[in-house]
Amino acid sequence: MRHQALLCSALLLLAGGSRVLADAKNPTYDDDVMPIVKQSCVNCHGNDKQKGGLNLATYAAMNQGGSSGAVVVPGKADKSRLYTLSAHIEEPKMPPSGNKIADAQLATLKLWVEQGARQNSGSKVVVTPITTDIGLKSVVKGRPAGPPPMPVAGKLKLDPVVTARRPGAVLALATSPWAPLVAIGGQKQVILYNTDTNALVGFLPFEHGQIHCIKFSRNARFVLVAGGRGGQSGKAVLYKVETGEKVLEVGIENDAILAADISADQTQIAVGSPAKLVRIYSTTDGKVLHEIKKHTDWVCAVEYSPDGVLLATGDRNGGVFVWEAFTGREYFSLRGHTAMITDASWRDDSNVLATCSEDTTIKLWEMENGGNIKNWGAHAGGVASVQFTHDGKLASTGRDKVTKLWDQNGTALKTFEAFPDLGLKVAVTHDNAKVIAGDWSGVVKSWTAADAKLVAALDANPLPVAERLKKAEAALAAATARSAAAQAAFDAATLKAKQATDAYTAAAANANKVAADLAAANKAVTDYTAAANAAKPQMDAAKAEADKAAPPATAAANKAAALEVAAAAEAVAAKTIADAAAKAPANADPRAQSKKKADALAALAAELTAAKKAAADTATALAAAQAKFAAQSKLYTDATATLTASQKTVGTLTPLVKPAADAVAPAKAAADAANAAVAPAKAALDASSAEVTAAKTAVEQLRTATASQEPKK
């Protein structure tokens, strides 16, 4: 029960007045307006003189109007010339000479018109019928066909109605169910932002006082804004989302409306106020269809089910009721909360209702029997707001300054960074992607639902468009500078990554080459050691063979040479004997000696031939043995030389292997680090580029808006 009345009390204080029901002002013509008229108007518009055909001396005469028609339109001060001329809102200003009447009297006059322009305390309230036809023949479940409604460029006000010294408490906040649009209740205005770009879209003026509630219609085509002046009046106004056009307004409340909603079929608007009443108005003619008087305290929560069948309401005493929307009959009384009900939200299928309270809990209720199917402590000190998402999660915020996202079992899925003050309102975007919430100090934040990352802080107290343009241009210049710095950082990171990668590639290649060369040298040592070992005995054997062949070859050559000398001598001797025998043909002895010598010479020639052949054969064998030895010697010498060179290479490469291998790891680490730095640099560049694009878009939009507001020459 602690602090249960603080929120509603503060709402009314913020609305501009204290709330004392017993002393609420309900002006009438006879008691309150007639003294003002007598003081300022009847000299020109009385029984004696009726300028413009207008007589204000009596209530009946006033209602007849003048030559320009009616001067009072009950319920519509902005359409009542009695007020607008007196307040110098329209021409001709009244009184025609002198100052306008006192502000307090103007406030009384306006309130009298807004409350129905009664003649006296016994008169019935008469409100000019509203002629609208926005009712739907059937309710579409889920997203309607076609593109979601978004404000049309140039249709909404781009300058704020009010720019205060600081933003006020965020008492009202809502997101479109099907479009990227959030509406924030400001001072006498609704501020619209695009939730995809976070760009300010425009303003909806709300002249009736403090805004306490904003609700989008279920098809997203309208936005309902409700509030008023504490202890004075309450209004609910419906606007077209696309144009900002005011469609209708309802409310004969004598106090500010604290909660309101429009039915899914758009035929009803239900409001709740400190009068403990729930009033249901027709959107066709503004008449009150039902007055529900079951609540025992201020009605602080009102919401129709998505199918339009039921209406849930909650009060400051912890009471929660569900009503039949079209009959106003009680459907369920949901008991369980022990402190003020601050919000209510329906699941998309209309089968489950979520309520939250200053008792710190969120409760889920099923609509078959009205049973409480789940409840959990959500925020220490009290829960201020809850909303179902399209995918069945729940977002909430509260007095602990924290905003959270839950599943339907009460498990916290995400916890978002704390506000500087009490959390008051929460909403979720149409695509369930972002959670948006506002606090007592006027801070509005948008986070991604997936990772609870802060996306934007939305200004609840925007400056005039010209000043926003200056800030946007400065932001564009700063974003451009940051983007240039990010580009330079990205280029430097990319270059460093390339250099580090090249260094790592070179280190790895060098280590691989040293290792491969050493392996090849070691293999050569092994191979040529084996080759030298194999060639040595072959060489030795060849040498032995050559040595063995040399003496026979020498002997054979010597023998052949000696026989050749002997044969030459014998040939000379044989010729001499033959010549002598020829000179003495009759002598038998010379002939016999000559024949004997010739036979001996023939034998010697034969022996010489054989010796020459033996010399040639042994010389050939010796040459072959010597060639074989030479070849084996070369094999051995080459193997030994290669072995020596390989051993030298091994000796050279062995001390290089470890340093080369050791250099690879740090080079890889440096390359990995340099390459890892590229991604965040690229992300920073992309983010800064997106920031520049968004800033350019904002500047272009604001320049266009500024140009459109300049007077045409």
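Every read-out reported here was derived from the displayed coordinates using simple, explicitly stated rules and does not represent laboratory data. On a predicted model such as this, the values are computed, not experimentally measured, just so you know. Cβ sites come from the backbone with ideal geometry, for glycine too, and all protein chains shown count toward neighbours.
For LYS696 and ALA624, what does the FRET efficiency come to when R0 = 56 Å and r is the distance between their Cβ atoms, rounded to the nearest 0.05?
Efficiency computed from Cβ-Cβ geometry: 0.05.
Taking the alpha carbon gyration tensor of region 469-707, what are the square roots of 5 times its eigenvalues, largest first, to the nearest whole Å?
The three semi-axes for region 469-707 are 106, 22, 9 Å.
Got a sec? Charge dipole of the chain, +1 on Cβ for Lys and Arg, -1 for Asp and Glu; which of ALA621, THR267, VAL572 is way out at the positive end?
VAL572
State the extension gain, in nm to one decimal, for the chain segment bounded by GLN499 and ALA631, taking 0.36 nm per residue of separation less the distance between their alpha-carbons.
42.1 nm
Are there chymotrypsin sites (Phe, Trp or Tyr not before Pro) in region 434-539 that DSSP marks as loop and that have at most 15 other Cβ atoms within 10 Å, and which are they?
Hits after loop and neighbour filter: nothing returned.
Can you list which of the trypsin sites (Lys or Arg not before Pro) found in region 391-478 are DSSP loop residues with at most 16 other C-beta atoms within 10 Å?
LYS453
In terms of modelled amide H atoms, which long-range or inter-chain residues lie less than 5 Å from the amide H of VAL241?
The list, which skips near neighbours in sequence, is PHE222, VAL223.
Could you tell me which residue out of ALA592, ALA515, LEU454 lies farthest along the dipole of the chain toward its positive end? Charges go on the beta carbon: Lys and Arg +1, Asp and Glu -1, centred on the Cα centre.
Ranked along the dipole, the leading option is ALA592.
Using only alpha carbon pairs under 8 Å that are at least six residues apart, calculate the relative contact order of the chain and give it in whole percent.
In percent, rounded to a whole number, it is 9.
Charges on Cβ only, +1 for Lys and Arg, -1 for Asp and Glu, centred on the Cα centroid of the chain; of ASN55, TRP178, MET539, which one is farthest towards the dipole's positive end?
The one lying farthest along the dipole's positive direction is MET539.
Between region 633-707 and region 49-114, what's the alpha-carbon centroid distance in Å?
Using only Cα atoms to place each centre, the spacing works out to 83 Å.
Which lysines have a Cα lying under 19 Å from the Cα of LYS49, excluding residues fewer than 8 positions away in the same chain?
The qualifying lysines are LYS38, LYS93.
Measuring from centroid to centroid over Cα atoms, what is the spacing of region 470-539 and region 134-207 in Å?
58 Å
Using amide H atoms built 1.01 Å from N in the peptide plane, name the residues 5+ places from ALA456, or on other chains, whose amide H lies under 5 Å from its own.
SER446
Which of the residue pairs LYS363/LYS401; LYS141/LYS188; LYS612/LYS634; LYS76/LYS401; LYS536/LYS613; LYS124/LYS293 have a Cα-Cα distance greater than 29 Å in the structure shown?
LYS141/LYS188; LYS612/LYS634; LYS76/LYS401; LYS536/LYS613
When we measure straight from the Cα of LYS471, which lysines land under 16 angstrom away, once same-chain ones fewer than 8 places off are left out?
Cα-Cα hits under 16 Å: LYS696.
Where Lys and Arg each count +1 and Asp and Glu each count -1, what net charge lies around ALA556 among other residues with Cβ under 11 Å from its Cβ?
Summing Lys/Arg as +1 and Asp/Glu as -1 gives +2.
In whole Hz, what ³J(HN,Hα) sequence does region 38-52 give by Karplus (6.51, -1.76, 1.60; θ = phi - 60°), x for Gly and Pro?
4, 6, 10, 10, 6, 4, 10, 10, x, 5, 7, 9, 10, 4, x
Enter the Cα centre distance for the pair region 357-421 and region 573-626, rounded to the nearest angstrom.
Each part reduced to its Cα centre gives a spacing of 140 Å.
Less than 19 Å apart at the alpha-carbon level, and either on another chain or at least 8 residues along: which aspartates and glutamates does that give for LYS595?
GLU570, ASP579, GLU607
Take the chain, mark every one of the GluC sites (Glu not before Pro) that falls in a DSSP loop and has at most 16 other Cβ within 10 Å, then report the longest stretch left between them, sites excluded.
418-713
Looking at the square roots a ≥ b ≥ c of the eigenvalues of the Cα gyration tensor of region 413-508, which shape do they give, rounded for a/c under 1.5, prolate if a/b is larger than b/c, or oblate?
Judged from the Cα gyration tensor, region 413-508 comes out oblate (a/c at least 1.5, b/c at or above a/b).
In terms of the Cα gyration tensor, with a ≥ b ≥ c the square roots of its eigenvalues, is region 29-115 rounded because a/c is under 1.5, prolate because a/b exceeds b/c, or oblate?
rounded
Of (i) 28; (ii) 19; (iii) 52, which is the value of percent of Cα pairs over 43 Å apart derived from the coordinates here?
(iii)
Would you work out the charge dipole size for region 29-115 about its Cα centre, treating the Cβ of every Lys and Arg as +1 and the Cβ of every Asp and Glu as -1, and quote it to the nearest 20 debye?
260 debye
Spelling out what I want: for every residue of region 207-221, take phi, set θ = phi - 60°, compute 6.51 cos²θ - 1.76 cosθ + 1.60 (Karplus), and round to whole Hz; glycine and proline get x.
Each residue of region 207-221 in turn: 7, 8, x, 6, 8, 10, 8, 10, 9, 8, 5, 5, 9, 6, 8 Hz.
Can you compute 3J(HN,Hα) from phi for each residue in region 275-290, using the Karplus curve 6.51 cos²θ - 1.76 cosθ + 1.60 with θ = phi - 60°, rounded to whole Hz and x for Gly and Pro?
The phi angles translate into 6, 6, 10, 10, 10, 10, 9, 7, 7, 7, 10, x, 6, 6, 7, 8 Hz.
Would you grab the residues whose amide H sits under 5 Å from the one on HIS212? Only those 5+ places off in sequence or on another chain, please, with H modelled 1.01 Å from N.
Result for HIS212 returns ALA226, GLY227, GLY228.
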